[in-house]
Amino acid sequence: MMFELIPFPHSRSMDLYRPFRDLENLERSLFSGGLVGFQTDIRDTGDAYVLEADLPGVKKEDIHIDIDGDRLSISAQRSSTNEEKDSDGNYIRCERSYGSFSRSFDISGVRSEDISAAYDNGVLTLTMPKQVQAVPAARRLEIR
């Protein structure tokens, strides 16, 4: 059986009818600096999947990883701390993004109890061991 680690759509309420979802997504992308999620790389190392997520400027305590059944969700919050201000106390320039970001992934082929996480230099690394497929033992049936 071939298994692929596939991201879920951004919305948590996939099964609800939401006629204005596209409009909400457009609004979110326009007013959140165009960054709704974060970028990830996923590698298959043979016995595990390694997910690396770029979360620059996010503090470790502002990252949350939740597992609900076969869904792993990563959420993070980043805030802007630019101190350059004009004489009125307003920003002269603020290009860094801030807000909440989240992504969800299907982990149905993963041993969720053995997932480990590390965060270093703005990169979150999750190591997710694959489930071991039980190979049935060979045997001979007796004919009655």
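Contact annotation: residue pairs with Cβ atoms under 8 Å, 6 or more positions apart or on different chains, pairing a residue in segment 38-63 that is in a loop (DSSP other than H, G, I, E, B) with a partner that is open to solvent by 50 Å² or more (accessible area, probe 1.4 Å), are F38/D54; F38/R103; Q39/D54; L55/Y119; G57/R96; V58/Q77. It is to be established whether one or more residues within segment 101-112 are open to solvent by 100 Å² or more (accessible area, probe 1.4 Å) and at pLDDT below 95. No, segment 101-112 contains no residue that is open to solvent by 100 Å² or more (accessible area, probe 1.4 Å) and at pLDDT below 95. Quick check: anything in segment 116-130 modelled with pLDDT under 90 and in contact with a Lys or Arg (Cβ under 8 Å, 6 or more places away or on another chain)? Looking for residues that are modelled with pLDDT under 90 and in contact with a Lys or Arg (Cβ under 8 Å, 6 or more places away or on another chain), one finds none in segment 116-130, hence no.
The values are calculated or read from the model by the stated rules, or taken from the named source; none is laboratory data. Computed from a prediction, not measured in an experiment: that's the story for all the values here. When we count neighbours, we look across all protein chains shown, and the Cβ atoms used for this are built from the backbone with ideal geometry, even at glycine. The protein model used for the area step is the full one, side chains on, heavy atoms only, and it has no ligands, DNA or RNA in it. Shrake-Rupley method; radii C 1.70, N 1.55, O 1.52, S 1.80 Å.
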